[in-house]
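Note sheet for the following structure.
Please treat every number below as a calculation from the coordinates, not as lab data. This is a predicted model, so every value here is computed, not measured. A quick note on method: Cβ atoms are made from the backbone with ideal geometry, for glycine too, and the neighbour counts reach across all protein chains shown.
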Amino acid sequence: MAQLARITLFPVKSLDGIEVDRATLLPCGALADDRRWRLVDLDGHVVNAKRTPLMHPIRATFELGDAPTVSLAVARPALGARSACTPAPASFPLRPGPSGPCAWLSEALGIEVLIQERPEGGFPDDRDATGPTLVSSASLDEVARWFSLPIDEIRRRFRVNLEIEGCEPFWEDTLASPACPPPLSSIDAAASFGGGSPAVEPPPSPPLSFHVGGAVLTAVNVCRRCPVPTRDSGDGRVTEYFRDVFEAWRRRRLRRDVDASSWGGFYRLAINTIGDGRGGNVEVGDRIEPVAHLRRA
């Protein structure tokens, strides 16, 4: 039986995540406090790990609630860190201004930054899919095996919100791009989305709408990945041929019940989702159960 095994929020874009046992899905579809804050330079351009590897060695721990705080430290020198300094570890309220973390982060990054906040919905990478990202633990295990890396390193590189256990590697692909309709019953790795091809292949089915505890999500697509997963999460050093190796294995391990004709490449992992506008709560241990098939607008 597929069920929710892990919830990770990323309060500040490109900084560390925080594991929680329970999270709230907002009416807009985003998880509360996920990507709620981001950094920008004085021209208003986003400062993140895609832009600078100096983000990678910054370790952040969060206390969320009515007065959110962040504790920051530089774990080790970053690749290309000549222009940046190493400020002493410190804690700050998560807010703009002199009492917040902006001065510390500016020193660590070697560029003056400001912090922006959007409590209702945050700053998602995909504005057309504002819901949480979802992946199976088995998929992360598989990718870790390809590169002989610890699974926690793969988690830090791919930065997925919801992790599902009790299903096969890349099972989540079937939610966003199935070749045939899955059964409308509790998702079971042994019975639902199983291996093998049908005798007569039906036309592709639309993405799947599914319950996660008290929330309803709809799969939108399989996430196209940015350069960040190619780098060591601690110092930003690029893993040689990471994308080439990833795509070769991803193509080889594509499930037979998934249509990838629209992907435009195999550098994809986890699914993007949208909410149903009603919000809800998700909790570790929640079952994943289909609701209905919804066609793309």
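Data table
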{"quantity": "Cut-off 14 Å between beta-carbons: net charge of the residues surrounding Arg251, Lys and Arg +1, Asp and Glu -1", "calculated": "+2"}
{"quantity": "Only Lys, Arg (+1) and Asp, Glu (-1) charged, at Cβ; the chain dipole about Cα centre in debye", "calculated": "720"}
{"quantity": "Pair-distance profile P(r), taking every C-alpha pair of the chain, with 10 angstrom steps and integer %", "calculated": "6, 28, 33, 22, 9, 2, 0"}
{"quantity": "Sorted by Cβ density within 10 Å, fewest first, the residues Cys226, Cys102, Cys167", "calculated": "Cys226, Cys102, Cys167"}
{"quantity": "Helix-only CD estimate at 222 nm, as mean residue ellipticity for the chain, using -39500 (n - 2.57) per DSSP H run (n ≥ 4)", "calculated": "-4000 deg cm²/dmol"}
{"quantity": "Residue-span extension gain [Arg51 to Glu63] - 0.36 nm each, minus C-alpha spacing", "calculated": "1.7 nm"}
{"quantity": "Per-residue Cβ neighbour rank within 10 angstrom, fewest leading, His56, His211", "calculated": "His211, His56"}
{"quantity": "Kyte-Doolittle mean at least 0.5 and Cα axial length at least 20 Å: DSSP H helices in the chain", "calculated": "none"}
{"quantity": "From phi via Karplus (6.51, -1.76, 1.60), per-residue ³J(HN,Hα) for region 47-57 in Hz, x at Gly/Pro", "calculated": "10, 8, 5, 5, 7, 9, x, 5, 5, 4, x"}
{"quantity": "Long-range amide H partners of Val291 with built H, under 5 Å", "calculated": "Ser209, Phe210, His211"}
{"quantity": "Per-q log10 I(q)/I(0), region 114-167, q = 0.13, 0.19, 0.24, 0.28 Å⁻¹ (Debye; single scatterer per alpha-carbon; no solvent)", "calculated": "-0.44, -0.75, -0.93, -1.08"}
{"quantity": "Whole-Å distance, taken between Cα centres, linking region 103-142 and region 236-268", "calculated": "23"}
{"quantity": "Sorted by Cβ density within 10 Å, fewest first, the residues Arg253, Arg157", "calculated": "Arg253, Arg157"}
{"quantity": "Cα-based equivalent ellipsoid of region 22-78: semi-axis lengths in Å, sorted from largest, via gyration tensor", "calculated": "24, 17, 11"}
{"quantity": "Protection proxy ranking of 212-218, 14-20 - average other beta-carbon atoms within 10 Å, highest first", "calculated": "212-218, 14-20"}
{"quantity": "Three semi-axes of the equivalent ellipsoid, region 1-128, Cα gyration tensor, whole Å, largest first", "calculated": "25, 16, 15"}
